[in-house]
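Scroll down for the structure; my scribbles are underneath it.
Derivation of every value follows stated rules applied to the coordinates shown; laboratory data play no part. If you're wondering where the values come from, they're calculated on a predicted model, not measured in any experiment. No Cβ is skipped: glycine too gets one built from the backbone with ideal geometry, and neighbour counts run over all protein chains shown.
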Amino acid sequence: MIKLGIDRIDHYLHMFKGKRVGLITNPTGVNKDLVTTINIMNQKTDLVALFSPEHGVRGELQAGVKLDDFVDAQTGITVYSLYGKNKKPSKEMMEKIDVLAIDIQDVGARYYTFLYTMAYALEACKESGKEIIIFDRPNPVNAVEVEGNILNIEYRSFVGYYPIPQRYGLTVGELATLFNEEYKINANLTIIEMTGYKRSMDYLDTGIDWIMPSPNIPTPETTYQYLATCLFEGTNMSEGRGTSKPFSIIGSPYLKHDFIVNEIRKYHLPGVKFRSLYFTPMFSKHKDILCKGIELIVWDKHVFKPVKTGYILFDLIRRHHKEFDYIKPFTNNGRHFFDYLTGDSYLRENRYPIEAVLRRIEKESETFKQLKRRYQIYD
């Protein structure tokens, strides 16, 4: 019987007593009975402010949609946007509260913006001298496995801010502690731990109801495929947005899908099957255009290597399609979004053969495994 951090709030009410409380959350912030953390905190504490990450506190916004401050209709509490002109709580916002709580389900992937909303919140609390309390939640792809290249700090962004790999193998509370201590933020941080949780569990093992953390992560299984295919967001390939299987399928009108499926099967990648298909996105890239696609079917999550799989798939598609391209830079420094997703430019620039890239992934994964052990709370 797992108890989430929010399920154990009654043991920690003394930390909120007599204090004005701010809360960063979204639809995943619920207890085991699916009561929202907003309602729980509003009932049990002096909740005076809500802070919205990407997608909104009620999950009403698609990816990338900016948000202004507004009043939450259900509670009458002001919601301050952390996905618009401010990604970090401002000095004026922090003056309205005494303690900041966070309850958000992550997906176990470096790309996910919620992690950096949390990191900025740590910084804001340190700067303002306010406490920060995080209600811990499971890592959906388990908190043991590590895979990926460590982000080059020159490519830090809101899809990768600290030097961690794509799959970091920590709970959100453990990762917050790593950010806070390893990178010298030194905020006054408390983690309200789970009970009954084993780090070898993935989300389906926990028995906890899955609430979509964002519109395009519909199932726990999607979190595995997301680790493999999110890099295609930085290309002119569809990552399945606008379909019923985002991140489980990728494609484009030009893709030689049967050929690529045959080629990637030669790698005998563990735990995953591939099939070709056709799909037509209802929105996002290639809207209303028939695409030739590839579906990733993860049949053994315990041996599946999502980052390795995604990099090999990318390499095959790039080498065999002259039409393949990257989304043009949209930042002032001219860097590609693809590089921010992968954490460096060497993959896009084709500096090394894919075999060398995969060796680098293995080496950097082992390096991070050694680091993360210092911040593990659970057995």
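In plain terms, the residue of Thr37, Thr219, Thr117 with the fewest other Cβ atoms within 10 Å comes first and the most crowded comes last, giving Thr219, Thr117, Thr37.
Shown here for the range 1-103: trypsin sites (Lys or Arg not before Pro) in loop regions (DSSP other than H, G, I, E, B) with at most 15 other Cβ atoms within 10 Å, namely Lys17, Lys19, Lys32, Lys66, Lys85, Lys96. In this Cβ point-charge picture (+1 for Lys and Arg, -1 for Asp and Glu), the range 222-348 has a dipole of about 160 debye about its Cα centre. Evaluated over the range 222-348, the count of Lys pairs having alpha-carbon atoms less than 15 Å apart is 10 (only pairs 8 or more residues apart or interchain).
Near the amide H of Ile24, within less than 5 Å, lie the amide hydrogens of Phe51, Ala101, Ile102, Asp103, all on another chain or at least 5 residues away, with H placed in the peptide plane.
Spin-label model, Ser90/Arg319: points 7 Å from Cα along the beta carbon direction are separated by 5.1 nm. When only alpha carbons are used to place a centre, the range 142-197 and the range 251-313 end up 29 Å from one another. Working note: 222 nm ellipticity from helices only, DSSP H runs with n ≥ 4, each -39,500 (n - 2.57), summed and divided by the residues of the chain, gives -7500 deg cm²/dmol to the nearest 500.
Using a Gaussian network for the chain with springs between C-alpha atoms less than 10 Å apart, which of these wobbles most: Tyr112, Tyr162, Tyr254? Between Tyr112, Tyr162, Tyr254, it is Tyr254 that shows the largest mean-square fluctuation. Per-residue Karplus couplings for the range 314-329, computed as 6.51 cos²θ - 1.76 cosθ + 1.60 with θ equal to phi - 60°, are listed in order as 4, 4, 5, 5, 4, 5, 10, 9, 5, 7, 5, 8, 10, 4, 5, x Hz, Gly and Pro entered as x. Relative to the current alpha-carbon distance between Phe259 and Glu349, full extension at 0.36 nm per residue lengthens the span by 30.0 nm.
Computed from backbone phi, the HN-Hα couplings of the range 202-211 come to 9, 5, 5, 5, 6, x, 7, 4, 8, 10 Hz, rounded to whole numbers (Karplus: 6.51 cos²θ - 1.76 cosθ + 1.60, θ = phi - 60°; Gly and Pro given as x). Of all lysines in the structure, the ones whose alpha carbon falls short of 19 Å from that of Lys19, not counting any fewer than 8 places away in one chain, are Lys44, Lys91, Lys96, Lys126, Lys130. Rg of the Cα atoms in the chain, relative to 2.2 N^0.38 Å, amounts to 0.98. Seen against the Cα atoms of the chain and their longest principal axis, helix 354-372 is set at about 20 degrees. Placing +1 on the Cβ of every Lys and Arg and -1 on the Cβ of every Asp and Glu, with no other charges, gives the chain a dipole of roughly 740 debye about its Cα centre. Extension gain, Gln376 to Asp72, is 105.9 nm, computed as 0.36 nm per intervening residue step minus the present C-alpha separation. Scalar couplings 3J(HN,Hα) for the range 302-308, obtained by applying the Karplus form with A = 6.51, B = -1.76, C = 1.60 to θ = phi - 60°, are 6, 10, 4, 10, x, 5, 4 Hz; x denotes Gly and Pro.
Put in line by how crowded their Cβ is, counting other Cβ atoms within 10 Å and starting with the fewest, Tyr326, Tyr203 read Tyr326, Tyr203.
Taking amide hydrogens as placed 1.01 Å from N in the peptide plane, the amide H of Val30 sits under 5 Å from those of Thr37, each at least 5 positions away in sequence or on another chain. Here Ile354, Ile289 are placed in order of increasing Cβ neighbour count within 10 Å, fewest first, which gives Ile289, Ile354.
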